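Worksheet: one structure, shown below.
The values are calculated or read from the model by the stated rules, or taken from the named source; none is laboratory data. What you see is a predicted model; the values in this text were computed from it and never measured. Glycine also receives a Cβ, built like all others from the backbone with ideal geometry; neighbour counts cover every protein chain displayed.
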Ligand code: SF4
């Protein structure tokens, strides 16, 4: 194995990495299929060689991409810089050698690579969107609070009955706790979540005239509402740019070596510094989409990943294209999405209501 190609891609091991610890696996953690990690008996360096031969399709997909997003200058230069690892990487360059920031990558090169990831993800997921069903800021706020420790799908299956009964903060603030608990029971942790909903509804009613505020500093005063929830509401109900650092987002930006931070607020600050504000909200959606569909927590589908040539962690998951394809989720795998009422441009099928779910 030559060393040549490794320079293009990255350093070596991925030992010692930890997933976004303890963070509430918010929305959509519909965890990827389990994975039998071990491939047969390990020959010394066999894994490194296995991957390259099977990777042609992914390369092709990525190569054909043109730059579209607004970050002009970087967009033009990035392809040239990426050439060694992107276009026709020699076999050795496809070595699953994940784990460290690309050796020798300057900050500028990292920023360009990051922005290119964002542009290419925009091509892969032009329909990226928040995966919680909502019709107004209050519904989005409630749905986001409910999404802690469960999937967006489960929240979407739960909220229709909830909002039919308690459509406004005033209604919800006056709900008998046991009734509220019963309605949200499918989302788990229903007692704590009911307490948060009662508290935040009362807060909205008493302090904000029954309206969901559009400032982060106001939102975080509400019970059960932290920065992540506030950013989701601001970005998607009010169009205020924000980065949503959930478990998927944190995991992916670390795999991409855009940050090494574990704390959501520090991750947010570092990623905000890399991208223009106008991209923050959509970058969050695209990254979370990618995390849910392809770059799973336990077994990323590297062999079917359209941005593999930009990822220092290629090889952390399944590199065989056939096997990787079987790991794909939601519309990428031909399955329904998480929303019962997805936007019109969503190419997948809507999710089924509770009890009729596939
Ligand atoms: S699936 Fe693999 S190659 Fe793609 S972003 Fe995730 S770790 Fe990187």
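For residue 153, the test of being touching a strand residue (DSSP E or B) at 6+ places or on another chain (Cβ under 9 Å) and in contact (Cβ under 8 Å) with a residue 12 or more places away in the chain is passed.
Screening residue 277 on (1) away from the ligand (no atom under 16 Å from the Cβ); (2) buried (at least 23 other Cβ atoms within 10 Å of the Cβ); (3) touching a residue at least 24 places away in the same chain (Cβ under 8 Å) shows it passes everything except condition (2).
Counting the residues of the range 180-221 that are part of a loop (DSSP other than H, G, I, E, B) and farther than 27 Å from residue 354 by Cβ gives 9.
When residue 297 is tested against the conditions (1) within 13 Å of the ligand (Cβ to nearest atom); (2) part of a loop (DSSP other than H, G, I, E, B); (3) without any contact (Cβ under 8 Å) to a residue 24 or more places away in the chain, the lone failure is (3).
Would you pick out the residues in the range 165-179 that are surrounded by fewer than 20 Cβ atoms within 10 Å (Cβ to Cβ) and part of a helix (DSSP H, G or I)?
165, 170, 171, 173, 177, 178, 179
Would the range 131-141 turn up any residue that is over 30 Å from residue 206 (Cβ atoms) and at pLDDT 95 or above? Checked the range 131-141: at least one residue is over 30 Å from residue 206 (Cβ atoms) and at pLDDT 95 or above.
Checked against (1) touching a helix residue (DSSP H, G or I) at 6+ places or on another chain (Cβ under 8 Å); (2) without any contact (Cβ under 8 Å) to a residue 40 or more places away in the chain; (3) more than 27 Å from residue 156 (Cα to Cα), residue 269 passes all but condition (1). Restricting attention to the range 230-263, the residues that are surrounded by 22 or more Cβ atoms within 10 Å (Cβ to Cβ), away from the ligand (no atom under 16 Å from the Cβ) and in a helix (DSSP H, G or I) add up to 5. Of all residues in the range 333-346, those satisfying the criterion of being touching a residue at least 24 places away in the same chain (Cβ under 8 Å) and within 21 Å of residue 157 (Cβ to Cβ) are 333, 337, 338, 339, 340, 341, 342, 343, 346. Considered as a group, the residues in the range 300-333 that are more than 10 Å from the ligand (Cβ to nearest atom) and in a helix (DSSP H, G or I) include one that is surrounded by the fewest Cβ atoms within 10 Å (Cβ to Cβ), and that residue is 322.
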